[in-house]
Every structure is written in structure tokens, then in C-alpha cells.
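**Student:** My structure is below; once you've seen it, I'll send some questions.
The values are calculated or read from the model by the stated rules, or taken from the named source; none is laboratory data. What you see is a predicted model, and the numbers here were worked out from it, not measured in a lab. Please note: Cβ atoms are built from the backbone with ideal geometry, for glycine as well, and neighbour counts cover all protein chains shown. For accessibility, only protein heavy atoms count, side chains too; no ligands or nucleic acids. Shrake-Rupley method; radii C 1.70, N 1.55, O 1.52, S 1.80 Å.
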Amino acid sequence: MIIFWVAFAAILIFFLQAKIFHRYALRQIGYERKFQKRVSYRGETIELVEQLTNAKWLPVPWMRVESQLSSDLWFHRQDNLEVSSGKLSQNHKSFFTMMPYTKITRRHRIVCTKRGWYKLQSVTMTAGDLLGFLHQTKQIPLSGELIVYPTPAEVPVHELPSHSWQGELSVRRWIVEDPFVVMGTREYRSGDTYKMVNWKATARTGNLQVHQYDYTADRRLMIYLNVEDNESMWRSVNDEALIEHGIEWAAGAAQAVINSGMEAGFSTNMPIIGEFGTTLVEPRSGGGHLSDMFEAMAKLELVRTEPFVDLLAREADSGYSQRDVLVISSFWNEQLELQADRLRRNGNAVVHWKLLPQADRQEAGEAG
């Protein structure tokens, strides 16, 4: 008889605790999750901070917090953390035990492996009784975000449209020859145009002479990036690594110019995530503008909005002048050269940087 009552009491206690924890386990549980900072650069390590609060007298024997994040945010190994990663996303589980009136803060170290715009969507919290017989689940919406800038590449600054040097020290400004200010003549060099020839000086010296233009320091650098990784591309990018390299090249060129006190702008035939049109950031100067450019680059979606030649044609039609123009593209053809020449005739300097696949870049680096 005693055994019966002991068994009955045990069953009753088990049933009561299960009901109590099922009903109250997630009550007065506070949860916050946020990134350590809003912006970062590709390759940097940041922290994702979780904070739980149990504001009631009842302990929580166990609690599981689940969420999904992009696989491009790589978690360091950590106790009480389980990560199941797929190609695009990963399932992140944290486990907790909470005493009454306690607060737990847990920090997860994350490596930002790819530029992008990452948002915290929601977490699912599950808690139950001592033996796990009953459990309760609740979903909590989140609003945090992380913007991962592209890492600015070390760019060949001497190949930018015009870089002035005086003596042994470089002048930290970005300038191009002004076709309206003639300061003399010089001998013809490869790349000089027919309209630059000074026929009087040529006749006088017996050698082909061209106008020597003065320089003006109020020019702006406009960077155009082509998302088309080959001439036959329609909408989807095949070589994503190639275009990511182009974005980092554009970031490096913009940073070099703006850090030198000049203005830079950026345009590409890719949209910002959630938008549909071609991306355009007009030239400006200053650190705040550089951050705006990096943010636009971070949010680019690798799809084509329009043929790149149409983008350049529209820019040439706008008639702007007095700019240095940098075109970053994996290919160059007669149509693009035609639009580049139109930009030159408007009074701009234009250069093209060719994007190479990673294998070709490595070979070029080894050869160098």
C-alpha cells in the first residue's frame, strides 16, 4: 500500500511540475539579440550578443533558442552552441538553464566571410519541464541588421585616369588634363588623339607635336562597374567571385580618391537588394559619403538591370564633363569603346580596368 501511495505521489508531482513549467516557463522571459556593431568589413570578426532575462520566481530547467542566419556569417566553435550549416543558411541553436531572477549574456564570435546585408529575422524559444515531457514554444521577432562592406582592394593608383607627381613626392590630389587650358607643346606619345596635334609646332620642329594641357584639380572620379561576366550574359552572374573582386576594386578606387580629398561617385548595372533599377551614387567627397558608397556596394544584388553599354550611353548622353572615368569590366568591345570615346569627347578622361578570373589573377601574381 505504501508503494502505491509513493508511486501515486510521484506521478502527481510529475504531472503538476509538467503542467506548471508548461504554463509558466516562458512567462516573463526577456530576450534580446544584436550585432556588436552595425557595419563591418569582409573578413572581420564581430560579436553577436544574446541576452536572456528570467524576471519571475520560477526557474527554467532548460531552454532552447533557435534561429536562422546566412551561411556567410561563420560562427566560431563554442560550448552550448549547435550550428547546422547549409549552402545558403544555417540553423543556430543555443541552450540555457535559468535560475529565478537572473540575466544571462552570451557572446558569439562571427567571421564575416562575404559582403552583404544581413538581417535578424526572428528566434524561436522552447522551454519545458524537468523531464522534458511537456514544452512550450514562442517566436520573438527581431530587428537587428549587419552591413558588411566589401574590403577595399589595393588598386593600381598610377593607372587611374590622371595622377600628378611633383619632384620626389606625389601630390595627393586626383587631376586630369584640362582640354581648355593649353600651356605649351610636347612630343607625340602613344594614346594622344588626332585633335591634340599642334600643326604649327610640328612644322617648326619637324617632329609631331601635340598640345600640352594644364591640369585642373576640381575633377571628380566616376567609377562604373559592369556586372556582366562575359559578353553573352543575360541576367544571372556565372562567376560571382569575379564580380565580387570588381566590387572590391571599385571600393579601393573610391577610398583612394576620397582619402586624397577629392570626390568620387559609383554606378553599376546591378540593383540594391529589394530594388529594381541601376545603382547610381553621385560624386561627393568626405568620409560620410565614402560610407554611403560602401553601404550601397554591400547591398548590391548580383543580377543585371540593363546592358552595360546602355548605362555608359546614358551617361555620355547626360553631357557631363571635367571628370575622370574608371570603367571596371571583364571584357571590352567596340560598343563599349564607342561610348568611352563619347565620354572623352565630352571632356572626360576614361580608362578601363579588366577583371580577370581568380586563376588568371593568381598566374599574373606569380609571374610578377
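**Student:** If each of V111 and Y320 carries a label point 7 Å out from its Cα toward its Cβ, how far apart are those two points in nm?
**Tutor:** The answer from the label model is 3.9 nm.
**Student:** Follow-up. Given labels modelled 7 Å from the Cα in the Cβ direction, how far is it in nm from I273 to N91?
**Tutor:** 2.2 nm
**Student:** Now a separate question. Sort S89, S94, S318 by heavy-atom solvent-accessible area, probe 1.4 angstrom, most to least.
**Tutor:** If we order S89, S94, S318 from most to least accessible, we get S318, S89, S94.
**Student:** Using protein chains only and a probe of 1.4 angstrom, how many square angstrom of S236 are accessible, to the nearest 10?
**Tutor:** Surface accessible to solvent at S236 totals approximately 80 Å².
**Student:** Please compute the net charge surrounding S236, taking Lys and Arg as +1 and Asp and Glu as -1 over other residues with Cβ under 12 Å from its Cβ.
**Tutor:** Residues close to S236 contribute a combined charge of -3.
**Student:** Here's another thing I want to ask about it. Kindly flag which residue pairs out of K138/K299; K37/K114; K34/K103 have an alpha-carbon separation exceeding 25 Å in this structure.
**Tutor:** Listed pairs above 25 Å: K138/K299.
**Student:** Grab the other residues whose beta carbon is less than 14 angstrom from that of S143, score K and R as +1, D and E as -1, and report the net.
**Tutor:** In short, +2.
**Student:** What number comes out for the charge environment of G116, summing +1 per Lys or Arg and -1 per Asp or Glu over other residues with Cβ under 14 Å away?
**Tutor:** In short, -2.
**Student:** Keeping all protein chains in place and using 1.4 angstrom, which order do T279, T53 fall into by accessible surface area, from largest down? Could you put the intermediate results ahead of the total?
**Tutor:** On the way: T279 10, T53 45 Å².
I get T53, T279, largest accessible area first.
**Student:** How big is the accessible area of F95 in square angstrom, nearest 10, if you roll a 1.4 angstrom probe over the protein chains?
**Tutor:** 80 Å²
**Student:** Also, I was wondering about something else. Figure the gain on full extension for D310 and K37 (residue separation times 0.36 nm, minus the Cα-Cα span) and round it to one decimal in nm.
**Tutor:** My answer for the length gained is 94.4 nm.
**Student:** Take the Cβ-Cβ distance between S122 and R284 as r, set R0 to 45 Å, and report the resulting FRET efficiency rounded to the nearest 0.05.
**Tutor:** 0.75
**Student:** Moving on to the next point. Ignoring ligands, DNA and RNA, how do Y149, Y188, Y41 rank by accessible area with a 1.4 Å probe, largest first?
**Tutor:** The ranking, largest first, comes out as Y188, Y41, Y149.
**Student:** Could I ask something else about it? First check a/c for region 231-340, with a ≥ b ≥ c the square roots of the eigenvalues of its C-alpha gyration tensor; if it is under 1.5, answer rounded, and if not, answer prolate when a/b is larger than b/c or oblate otherwise. Mind dumping the intermediate values first?
**Tutor:** Details: a/c = 1.67, a/b = 1.21, b/c = 1.38.
Cα axes put region 231-340 in the oblate bin.
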